[in-house]
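Beneath this line is the structure, given in structure tokens, with notes to follow.
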Amino acid sequence: MRPVRWSNQNGDCTRWVTGLLLWCIFSSRILSQVASTAGNTIGSNLTPPARTSVNRSKPSTLTFETIAYPGALATRALGINAQGVVVGSFDDSNGTHGFVQDEGKFRVIDVVGSPSTQAKCINARGEIVGYFLDSDFNLHGFYWFDGKFRTIDVPSSIETRAEGINDAGVISGEYVDEQGNEHGYLLKNAEFETIDVPNSFSTDVWMVSNDGWLAGDYSDPTTVRAYVRTKRGAFLTLDYPGSSADAARSINDRHEVVGRWDDNSVPPGQIPCTTQCHGFYWSKEEFQSIDVPGALYTVALGINNSSHIVGRYVDASNNEHGFVARPKDNFE
């Protein structure tokens, strides 16, 4: 049985309760698979990850800009690269589509024949990764560059997601093995490497920085926690003060981390993400909450080296939007 965890569908929108999979029906044309070999498990023999001594920092001033695909029912901003190009997804009457937004102009990024595509991350070169579901409920990652797709499937897995890609082309994500266990992975030079947080029930790797730091989340029997892994392989748990759960979603080369944290306004096990969801920013062992003004909830999902943050929020009318947040004071 799986422990409580958050789903990654639509960029982190719902929580999974033990053994519950919330997926929509999709049909898809499977594209060419990335050449791969099974990698080595990292972290399985280490001690539990150390916990940070953290405080809430004095809030920095952010300016928020809404991202809304024209005519869409919902929009999510999921990643941002060094040039400020944003990727994400939007919903319309035909399903869910990936997009790229550059200088205010949108381009649709869809796996051919699929009614749902999630574009999750873009690097400085313009390479994009994400995931899609096929008609048999199988989840696949994808790599896109210059108009061409490749499917990403970890060998012997029953589902694979691609979440991040750094400027060297190293891809991060997670997969579920044939026994139903979830693991993180890195894909480099066509070889997969499994990542497991020590003594965890499941591990997600959402992003790898250019200098080799990882950010993601892991689950224990009762909750989900954010973590980073340093270049030397040390795991560090990030506990937002007073949170019931938290998860890291991106890390940049300054080792600034963004993600989500939950307060205690909704009882544990509540599936919908309502007013308990907040974004967070973490740097130098200090947290800052990120909340779009007037929003019911906010989730931070990406950060570049200029500390520009992207994510998603739901307004008072229950409409979902993407956002870009830019610091006025560079978080000093």
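No other residue among VAL310, VAL299, VAL292, VAL314 is of a type in the set (A, V, I, L, M, F, W, C), modelled with pLDDT under 95 and under 23 Å from ILE80 (Cα atoms) apart from VAL314.
Scan the stretch 268-279 and give yes if some residue there is closer than 23 Å to GLY302 by Cα, free of Cβ contacts under 8 Å to residues at least 24 places away in the same chain, outside any loop (DSSP other than H, G, I, E, B) and in contact with a strand residue (DSSP E or B) (Cβ under 6 Å, 6 or more places away or on another chain), otherwise no. Looking for residues that are closer than 23 Å to GLY302 by Cα, free of Cβ contacts under 8 Å to residues at least 24 places away in the same chain, outside any loop (DSSP other than H, G, I, E, B) and in contact with a strand residue (DSSP E or B) (Cβ under 6 Å, 6 or more places away or on another chain), one finds at least one in the stretch 268-279, hence yes.
Taking the criterion of being modelled with pLDDT under 95, among the polar types (S, T, N, Q) and farther than 21 Å from SER289 by Cα, the only residue of the stretch 220-254 that qualifies is THR222.
For the stretch 63-107, filtered to residues that are among the acidic types (Asp, Glu) and under 26 Å from SER306 (Cβ atoms), the residue that is surrounded by the most Cβ atoms within 10 Å (Cβ to Cβ) is ASP102. A single entry from ASP220, ASP196, ASP204, ASP211 fulfils the requirement of being acidic (Asp, Glu) and closer than 13 Å to ILE171 by Cα: ASP204. Answer yes or no as to whether VAL54 is surrounded by 14 or more Cβ atoms within 10 Å (Cβ to Cβ), modelled with pLDDT of 95 or more, under 30 Å from THR230 (Cα atoms) and not small (Gly, Ala, Ser). So VAL54 fails the test.
Would you mind stating whether HIS140 is in contact with a Pro (Cβ under 9 Å, 6 or more places away or on another chain) and either of a type outside the set (Lys, Arg) or surrounded by fewer than 24 Cβ atoms within 10 Å (Cβ to Cβ) (or both)? Answer is no for this residue.
Looking at this structure, is THR96 within 21 Å of ARG312 (Cα to Cα), more than 14 Å from the chain's Cα centre (by Cα) and touching a residue at least 40 places away in the same chain (Cβ under 8 Å)? For THR96, the condition - within 21 Å of ARG312 (Cα to Cα), more than 14 Å from the chain's Cα centre (by Cα) and touching a residue at least 40 places away in the same chain (Cβ under 8 Å) - is met. The residue that is nearest to the chain's Cα centre (by Cα), counting only those in the stretch 167-194 that are of a type in the set (D, E, K, R) and either within 15 Å of LEU214 (Cβ to Cβ) or surrounded by 13 or more Cβ atoms within 10 Å (Cβ to Cβ) (or both), is GLU174. Among the residues of this structure, ARG107 does not count as one that is assigned to a loop (DSSP other than H, G, I, E, B), over 14 Å from the mean Cα position of the chain (by Cα) and of a type in the set (Lys, Arg).
The values are calculated or read from the model by the stated rules, or taken from the named source; none is laboratory data. Please read all numbers here as calculations on a predicted model, not as lab measurements. Cβ atoms come from the backbone with ideal geometry, glycine included; neighbour counts cover every protein chain shown.
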